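Before any comments, here is the structure.
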Amino acid sequence: MSVSKISINFGNLSAVGENAVVNTPRSLEACQIEGVSPEDLAQKPRGAFRRLNTPDDIVELRYSFNETKRQTLLNEVKQTWEELIKPISTQEGDSPTGKTDPGNLNSTRTSLNGDPMSSDYTKMEMIHDMEQYTRKKKEIVALTQQKEMDRLQKKLRYDVMVAKRTEEHLRSSEESQKILAERERLRSLEVKKRQDEINRRREEFEQAKKLQEIEERKEATKTFRLARAASLEKLEEIEKEKVETRKRQLELYAKREKFSLELEKKRAEELKIKREKYAKIVEKDMIRRELVQRKKEGIRITLRQQSEKKRDMQQDALQRIESD
């Protein structure tokens, strides 16, 4: 497989080998932020620095100088690349191994396409996550811009230092005068180029800062509108819940009233039945008493009749005795 067909990022660049150039989206974005060409980060063989009749020590010097400079740029761009892949889902070729993680993609699709109601993921939480992501992205951009300014300053100082060391080393060789003159000319051009680059980056930084402030105001307005809409929707849900609660309370009150009426009706019927039973008992008792009274009256009449009959018999007996 050719190198151009492999997804190369800063996680697997050293493993690919010489002349390998990063080609993933986040790696190219990191290079653009740091103002570095991806080709400058490719490792070159020693033969690329060999010219006709060039001594081996000069070739080694050129190779060491280029490799030291490349490693410095590589570390700075790699830090920016690591910051870029942290807050967002990993795209194809941007994982540290250069491969896509299907689990991350599936979890990202699930979190983005899932039902907020089923996962208890409310709109207010979505807005909060959006604000956190936007704030993190802005912090990264501001940090990378500041790092870029610092990097250019450090690179300028580093180039001057390396140039001085190179001059000291070249003074001991036979071609040192020509090389020093060429290096001095190149160094002056590089210094001027770096200074112009710093000025250009500073202007871009100021413009980006103004654009960022405008974007922050727009984002704040958008967030406020979303929060207001979510608040209104929440208030509507609360009002609906109050209406439903009131409706349930009225239904419960109606059921209780109906139950109370049925209970009163049942008690009235039971009381009526008890009164009817009591009336029947009273009526039976009165009949019983009347029968007892009649029986007593009959007994008294019988006793009186017997007494009168006995008295009559006694009188008859007395009359017979007196007549005899």
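The values are calculated or read from the model by the stated rules, or taken from the named source; none is laboratory data. Computed from a prediction, not measured in an experiment: that's the story for all the values here. Neighbour counts run over all protein chains shown; Cβ positions are idealised from the backbone, glycine included. Each accessible area value is taken on the protein alone, full model and side chains, heavy atoms only, with ligands, DNA and RNA left out. Shrake-Rupley method; radii C 1.70, N 1.55, O 1.52, S 1.80 Å.
Structural remarks
- Pairs with Cβ under 7 Å, 6+ apart, first in the range 189-200 and more than 9 Å from Leu156 (Cβ to Cβ), second of a type in the set (Phe, Trp, Tyr): none
- Flag for Val282 being of a type in the set (A, V, I, L, M), at pLDDT below 85 and more than 30 Å from Arg135 (Cβ to Cβ): no
- All told, Gln195 falls short of being in a helix (DSSP H, G or I) and exposed (fewer than 12 other Cβ atoms within 10 Å of the Cβ).
- Taken over the range 1-51, the criterion of being in a helix (DSSP H, G or I) and exposed (fewer than 12 other Cβ atoms within 10 Å of the Cβ) is satisfied by Ser4, Lys5, Ser14, Ala15, Glu39, Gly47.
- No other residue among Ile214, Ile238 is open to solvent by less than 100 Å² (accessible area, probe 1.4 Å), closer than 30 Å to Val141 by Cβ and modelled with pLDDT of 85 or more apart from Ile214.
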